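Notes follow once the structure below has been shown.
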Amino acid sequence: MKVEDPAAFRFIINEDIYLLPHDKEVESKKVVKEAESVPFSFNYEGKNRKKFLILTHYPDHEAIYAVHFTALEAILSRKGYQTDDVAILNMARNDADINTLTNHFSPEKLLILGHKAIPVGMEEPQFNHSQAIGGRNTLLSFCFDDMMENTDNKRAFWEQMKNL
């Protein structure tokens, strides 16, 4: 076989001895670029100071509907929390699984507002029952749409929030 261009050797024989010094440098840079990974970024409300993650599901809003946010602030203040103490993440705008969420936020408490807010890979918790899952207090409860007009749902939610 006759090869006229020495650069063609790397396509014919994949051993380093046939690569030119310039080709070796180009190949090593390609490997480094492939190894780089893009970290997952989250757009959420609050600063997560007290490791309390609240998952919502609002397809038409960035984090939570304003009226529902006001109600949530009132609930949090009754528990002694401020907005900066929690992280409010809209799962409708996020496809992170439970492992990614727990690695990023390290929550000690997890409040899931509605079944649609359950992250991928998480076994569905018992509804409206505070429980320890994965070393953290977890509560899957009503979404605010189900609570705003229903006093019984509000009471049931609040009874469980006291234990969270």
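The values are calculated or read from the model by the stated rules, or taken from the named source; none is laboratory data. Note that this is a predicted model, so its numbers are computed, not measured. Counting neighbours? That spans all protein chains shown, and the Cβs are built from the backbone with ideal geometry, glycine included. The area values use the complete protein model at the heavy-atom level, side chains included, leaving out ligands, DNA and RNA. Shrake-Rupley method; radii C 1.70, N 1.55, O 1.52, S 1.80 Å.
Of the residues making up the range 46-53, not a single one is open to solvent by 70 Å² or more (accessible area, probe 1.4 Å) and free of Cβ contacts under 8 Å to residues at least 12 places away in the same chain. Apart from one condition, ASN163 fits all of (1) buried (at least 17 other Cβ atoms within 10 Å of the Cβ); (2) without any contact (Cβ under 8 Å) to a residue 60 or more places away in the chain; (3) in contact with a Ser or Thr (Cβ under 6 Å, 6 or more places away or on another chain); the exception is (1). Sort out which residues of the range 128-152 are in a strand (DSSP E or B) and in contact (Cβ under 8 Å) with a residue 24 or more places away in the chain, and write them in order of number. Selection gives ARG136, ASN137, THR138, LEU139, LEU140, SER141.
Of all residues in the range 66-82, exactly one satisfies the criterion of being in a loop (DSSP other than H, G, I, E, B) and crowded, with 17+ Cβ neighbours inside 10 Å, namely TYR81. Within the range 94-138, can you find the residues that are touching a Cys at 6+ places or on another chain (Cβ under 7 Å) and either more than 20 Å from MET161 (Cβ to Cβ) or acidic (Asp, Glu) (or both)? Matches in the range 94-138: none.
Residues in the range 94-121 that are open to solvent by 30 Å² or more (accessible area, probe 1.4 Å), part of a loop (DSSP other than H, G, I, E, B) and either within 15 Å of LEU53 (Cα to Cα) or acidic (Asp, Glu) (or both): ASP95, SER106, GLU108, ILE118.
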